1. Identify the single condition in (1) more than 16 Å from the ligand (Cβ to nearest atom); (2) in contact with a Ser or Thr (Cβ under 6 Å, 6 or more places away or on another chain) that Gly25 does not satisfy, given that it satisfies every other one.
2. Restrict the check to the range 37-58 and report whether at least one residue is over 20 Å from Leu111 (Cα atoms), more than 14 Å from the ligand (Cβ to nearest atom) and aliphatic (A, V, I, L, M).
3. Taking the conditions exactly as written (among the β-branched types (Val, Ile, Thr) and more than 15 Å from the ligand (Cβ to nearest atom)), does Thr74 satisfy them or not?
4. If you take the residues in the range 86-124 that are in a loop (DSSP other than H, G, I, E, B) and exposed (fewer than 13 other Cβ atoms within 10 Å of the Cβ), which one is farthest from the ligand (Cβ to nearest atom)?
5. Being modelled with pLDDT under 95 and either at negative phi or surrounded by 14 or more Cβ atoms within 10 Å (Cβ to Cβ) (or both) is the filter here; which residues of the range 40-70 pass it?
6. Among the numbered criteria (1) of a type in the set (Gly, Ala, Ser); (2) within 28 Å of Gly59 (Cβ to Cβ); (3) in contact (Cβ under 8 Å) with a residue 40 or more places away in the chain, which one does Ala87 miss?
7. Looking at the structure I just gave you, is Glu144 surrounded by fewer than 18 Cβ atoms within 10 Å (Cβ to Cβ), under 30 Å from Arg86 (Cα atoms) and modelled with pLDDT of 90 or more?
8. Among (1) more than 16 Å from the ligand (Cβ to nearest atom); (2) assigned to a loop (DSSP other than H, G, I, E, B); (3) at pLDDT below 95, there is one condition Arg16 misses while meeting the rest; what is its number?
Amino acid sequence: MEDIDPPREIAGSATRILHELSRLGLNSDQPVLYQSTRTGAYESAIDSLLKEGKAFWCGCSRKDQPPSGIYPGTCRDGLAAGKSPRAVRLHVSGSTIRFSDLIQGAVEENLEQSVGDFIIRRADGLPAYQLAVVVDDAFQGITEVVRGSDLLESTARQIHLQQALGLPTPAYVHHPLAISGDGSKLGKRFGSDPVARLPAAQAVCVALQFLGQKPPGGMELKELWAWAREHWRTESIPRVECMRSESCRLPYRL
Ligand SMILES: [Zn+2]
């Protein structure tokens, strides 16, 4: 549960998310891990990367950043005169990260060209998202990461971090995102209909259809999950990053 970003976190949202997942028949088989309880693990990962010279302190502020957003390596060899340490960045090597996504296929990214040395500890002292998820995936023994395709662009950075920390790389599956007719993301902020408005069995059925599966209609929730476990076909998931609600013919307005 990603709850380490107090300015962005909405009170009670973790409980609401877990409650909604449970209503849909999804219950964790491990105790839920809250990032807010893991600060020590993140700090020790950052310390070891600094000690090994794989990370460095950066004194740049937002206005020092080039318009491209790609970090030019300003503080790689030490802070410039008059700068004080703000954030910690990870060295990216010139090498290209390659991985095979189970839906999206072969992906390759040269981090030096796409992002440059990236932040692993933010100027406000919080661990960056990339660092926290990599440390937690390894801690929980995660072997397959299944998530929306909007996180495809984070994967190369996470693999680079795993390699720097000597951690195993899990398999990655980035499924298509449902987007509204005008191409915008779905979410509370965008005024989308909440999943909670649908009866649980119908919501799960729509999600399965969206992912290219063909569940028979009229099933109860338990039956539907049993069907899904038996008939699931990853190769039926459309190999796209996004799908508009009309193109996947969902039976209700997204
Ligand atoms: Zn810098």
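The values are calculated or read from the model by the stated rules, or taken from the named source; none is laboratory data. Bear in mind the structure is a predicted one, so any value in this text is a computation, not a measurement. Reconstructed Cβ throughout: ideal geometry from the backbone, glycine too, with neighbour counts over all protein chains shown.
1. Exception for Gly25: condition (2).
2. yes
3. In short, no.
4. Taking the range 86-124 and keeping what is in a loop (DSSP other than H, G, I, E, B), we get 86, 91-95, 102-104, 115-117, 122-124.
Next, from what is left, pick out any that are exposed (fewer than 13 other Cβ atoms within 10 Å of the Cβ): 94-95, 124.
Values: Gly94: 19, Ser95: 22, Asp124: 16 Å.
Filtering first and then ranking leaves Ser95.
5. Of everything in the range 40-70, those that are modelled with pLDDT under 95 and either at negative phi or surrounded by 14 or more Cβ atoms within 10 Å (Cβ to Cβ) (or both) turn out to be Cys60, Ser61, Arg62, Lys63, Asp64, Gln65, Pro66, Pro67, Ser68, Ile70.
6. Of the numbered conditions (1) of a type in the set (Gly, Ala, Ser); (2) within 28 Å of Gly59 (Cβ to Cβ); (3) in contact (Cβ under 8 Å) with a residue 40 or more places away in the chain, the odd one out for Ala87 is (3).
7. For Glu144, the condition - surrounded by fewer than 18 Cβ atoms within 10 Å (Cβ to Cβ), under 30 Å from Arg86 (Cα atoms) and modelled with pLDDT of 90 or more - is not met.
8. (2)
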